[in-house]
Amino acid sequence: MSVYQIATRRFSDSRGWFAESYHAGRFAAAGLESDWRQDNHSLSRAAGTLRGLHFQREPFAQTKLVRCLRGRIFDVAVDVRPQSPTFKQWVGRELSAENGLQLLIPKGYAHGFLTLEPDCEVAYKVNAHYAPAAEGGIAWNDPEIGIVWSLPGGITAPLLSDKDAALPFLGQTDVDFAYDGRPLEISEITA
């Protein structure tokens, strides 16, 4: 599976709007993961907060469905499947409360995001429970990957947790995700 940008349908009237952020039938019809096990929700107070790049190893590898509930983020997926022709390549999209976009990031990809304004809330579903022993990650600034993080408003370095600041480069970590025959691409659908 590759990365999907998912536009949710919004039904608007004078009060605002309503949207179904997840609908099992429509996701299944599009061939997308729908066996969710856990919901996660984060608040990042400062603009320029970077969370990631994270993944979990098998048998606890996770597919994620990510959305921004408040504020704006730059959300990134990195192909960490060694046999993939797009190994070490990345895609990123701006997700915001305003645009309502979501990213579906399958297992075999590292995930991270940068907050583009203060007080960002991010929610995501995962299809496997968090397992600390299976946790892995890659440094946000790995030169072999070369993610272009556009730090907001004169910020010169992202705000990182101690754990994220200590993450190794991809070449210094073991990744053994299977390649499923689908290289990294970003498909856009409405669900």
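Read-outs: derived from the displayed coordinates by stated rules, not from any lab. Computed from a prediction, not measured in an experiment: that's the story for all the values here. Cβ atoms come from the backbone with ideal geometry, glycine included; neighbour counts cover every protein chain shown.
Structure notes:
- Residue list for the stretch 95-135, restricted to those being over 27 Å from D174 (Cα atoms), under 11 Å from the mean Cα position of the chain (by Cα) and not polar (S, T, N, Q): L95, V122, A123
- G25 fulfils the conditions (1) more than 11 Å from the chain's Cα centre (by Cα); (2) farther than 27 Å from G181 by Cβ except for a single criterion, (2).
- So H129, is it assigned to a strand (DSSP E or B) and not charged (D, E, K, R): no
- Selected residue [under 16 Å from I6 (Cβ atoms) and surrounded by 21 or more Cβ atoms within 10 Å (Cβ to Cβ)] from C120, C68: C68
- For beta carbons closer than 6 Å, sequence separation of 6+ or different chains, a first residue in the stretch 5-20 that is under 24 Å from F74 (Cα atoms) and a second that is of a type in the set (S, T, Y) and loosely packed, with under 13 Cβ neighbours inside 10 Å, the qualifying pairs are A7/T190.
- Qualifying positions in the stretch 1-57 - in contact with a Phe, Trp or Tyr (Cβ under 7 Å, 6 or more places away or on another chain) and hydroxyl-bearing (S, T, Y): S34
- Within the stretch 67-111, tally of residues that are over 18 Å from W140 (Cα atoms) and assigned to a strand (DSSP E or B): 11
- Some residue of the stretch 163-174 being in a strand (DSSP E or B) and either small (G, A, S) or without any contact (Cβ under 8 Å) to a residue 24 or more places away in the chain (or both): no
- Those strands (runs of 3 or more DSSP E) lying entirely in the stretch 3-47 with at least 1 residues in contact with a Lys or Arg (Cβ under 9 Å, 6 or more places away or on another chain) and of a type in the set (S, T, Y): 38-44
- Test result for L50, within 17 Å of A191 (Cβ to Cβ), among the hydrophobic types (A, V, I, L, M, F, W, C) and touching a helix residue (DSSP H, G or I) at 6+ places or on another chain (Cβ under 9 Å): no
- Criterion (within 21 Å of P152 (Cβ to Cβ), surrounded by fewer than 17 Cβ atoms within 10 Å (Cβ to Cβ) and in contact with a strand residue (DSSP E or B) (Cβ under 6 Å, 6 or more places away or on another chain)) met by exactly one of A47, A97: A97
- The stretch 106-133, residues that are over 15 Å from S42 (Cβ atoms) and either in contact with a helix residue (DSSP H, G or I) (Cβ under 7 Å, 6 or more places away or on another chain) or not aromatic (F, W, Y) (or both): P106, K107, G108, A110, N127, A128, H129, A131, P132, A133
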